[in-house]
Every structure is written in structure tokens, then in C-alpha cells.
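Input: a single structure, listed below in C-alpha cells.
The values are calculated or read from the model by the stated rules, or taken from the named source; none is laboratory data. Remember, predicted model here, so these are calculated numbers, not experimental data. Here the Cβ is made from the backbone with ideal geometry for all residues, glycine too, and neighbour counts use every protein chain on show.
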Amino acid sequence: MSTVGVLALQGDVREHVNILQSLGADASEVKKPDQLSEIDALILPGGESTTIAKMAVRFGMFDPLRSAIDDGLPVYGTCAGMILLASTISDSDQPVIGALDVMVKRNAFGRQNESFEAPVDVDGLDIPFEGVFIRAPWIEKVGADVEVLAAIEDHPVMVRQDKILATSFHPELTGDGRIHDMLLDLV
Ligand code: GLN
């Protein structure tokens, strides 16, 4: 059984733990650097990326997260988690992990569209995924090694780079475990 850590500094940690457990994985909250050695994969949850980044600085998490991901720890970032993984955020200099070679735009869908649900066609899934978007980012540029797995109106909303997965939307709020399963398959 795989142990999947959920970075538990802020955000929708509990929802990820619940869906992981429903898939038969062992889920544990990660707050300190030494806990990174006890897990087989990691989730960076949705929430507020500025707050998560501030807490990560305070808890000394940035460098340990970078090295764990460099060493091949499979990782999945949802929404704010995707922002933290990105190498660049347009119009912001908040700290990032930088492991995923993309430029993201925060709150990209605009005010009228702050939160919405839409079916998302995901490469490798035969039935569309119900995407829950909450003040979601989209991806503006992708690096050469990044595969776009889903897009909305030409804006990438799901990508993979080797063992890094990221979505603009929140599968943990839907009860549909297919994307979390993709993470488990990377272990
Ligand atoms: N807008 C948030 C941010 O910039 C992300 C929102 C979310 O995770 N649902 O961090």
C-alpha cells in the first residue's frame, strides 16, 4: 500500500486525505521536512498559494520539497498546489518550488467566472472529468518536457512532466478518484 503525503500548511487537506483513503492508499499530513522521507508520493492541495508559500518559508519546507521532487518523488498539485509547483507565475514574485516547467496565471478565469464547473476532456480518460474550478489558474506557457493532458478554450488546465502532475481544478471535491489514481500509478 502506498503512503501519500498531503502538504498540510493550509488548504483543502482533509478532502485529499479522504479521497486517497477511499482509493485504498494510506494518507498522511506533511508539515515538516523530515516527514518527506516517509512518503511514496505527495499532494500539494488547493487553497491560497500566497499563504501556503508563507507557511512553507516559515517551516523551512521549500528546499526539502525541491530536493524530494528532484529525487523523483511523484507529486500532484491542485490549483494553488499547481501554482506552487510552477517555475514562473505571471505578474507575481511569490516564492515557488519551480519543479514544473510552466508559467501560470493566477485567478485566470476572471471575475465573472470565479468559480464554475465544467466537463474536462482528459487525455487517457474515456469519460470527461467534472472539473471544479475555484479562482483557478491556467497555464500560459509550457516547457518542452511538459505534456498538456487537458485544456479549456486552449488554456491548459492539466499537465504532466515526468512524475509531476498538476490540475487547475479540484478532483478532491468531486468524489471521482481517477486523477488521484494517476498519481498512485506514478509511484
Ligand atoms: N486563487 C488561489 C491562489 O492564487 C488558488 C485557488 C484554489 O486553490 N482554489 O492561490
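Among the candidates Pro45, Pro64, Pro74, the residue that is closer than 15 Å to Val187 by Cβ and not aliphatic (A, V, I, L, M) is uniquely Pro74. Each residue in the range 18-29 was checked for being more than 14 Å from Ser2 (Cβ to Cβ) and assigned to a strand (DSSP E or B), and 1 of them qualify. Checked against (1) within 12 Å of the ligand (Cβ to nearest atom); (2) under 26 Å from Ser90 (Cα atoms), Leu173 passes all but condition (2).
Where strands (runs of 3 or more DSSP E) sit wholly within the range 52-106, those with at least 1 residues that are closer than 15 Å to Leu9 by Cα occupy 75-78. The set of residues from the range 63-100 being farther than 17 Å from Val142 by Cα, surrounded by fewer than 18 Cβ atoms within 10 Å (Cβ to Cβ) and within 16 Å of the ligand (Cβ to nearest atom) comprises Ser92, Asp93, Gln94, Pro95.
Taking each residue of the range 116-139 that is in contact (Cβ under 8 Å) with a residue 60 or more places away in the chain and looking for partners that are within 15 Å of the ligand (Cβ to nearest atom) with beta-carbon atoms closer than 6 Å, six or more apart or interchain, yields Ile134/Ser115.
What residue, among those in the range 34-54 that are within 16 Å of the ligand (Cβ to nearest atom) and surrounded by fewer than 17 Cβ atoms within 10 Å (Cβ to Cβ), is nearest to the chain's Cα centre (by Cα)?
Glu48
Residues in the range 140-187 that are touching a His at 6+ places or on another chain (Cβ under 7 Å) and not acidic (Asp, Glu): Pro171 only. Selection of the range 168-187 for residues being in a loop (DSSP other than H, G, I, E, B) and either acidic (Asp, Glu) or modelled with pLDDT of 95 or more (or both) yields Ser168, Phe169, His170, Thr174, Asp176, Gly177, Val187. Count of the range 1-37 residues, restricted to those that are free of Cβ contacts under 8 Å to residues at least 12 places away in the same chain and of a type in the set (D, E, K, R), is 2.
Residues that are among the small types (Gly, Ala, Ser) and either out of contact with any strand residue (DSSP E or B) (no Cβ under 6 Å at 6 or more places or on another chain) or modelled with pLDDT under 95 (or both) within the range 1-60 comprise Ser2, Gly11, Ser22, Gly24, Ser37, Gly47, Ser49, Ala53, Ala56, Gly60, listed in sequence order. Once the range 116-165 is narrowed to residues that are small (Gly, Ala, Ser) and either surrounded by fewer than 19 Cβ atoms within 10 Å (Cβ to Cβ) or outside any strand (DSSP E or B) (or both), the residue that is farthest from the ligand (Cβ to nearest atom) is Ala144.
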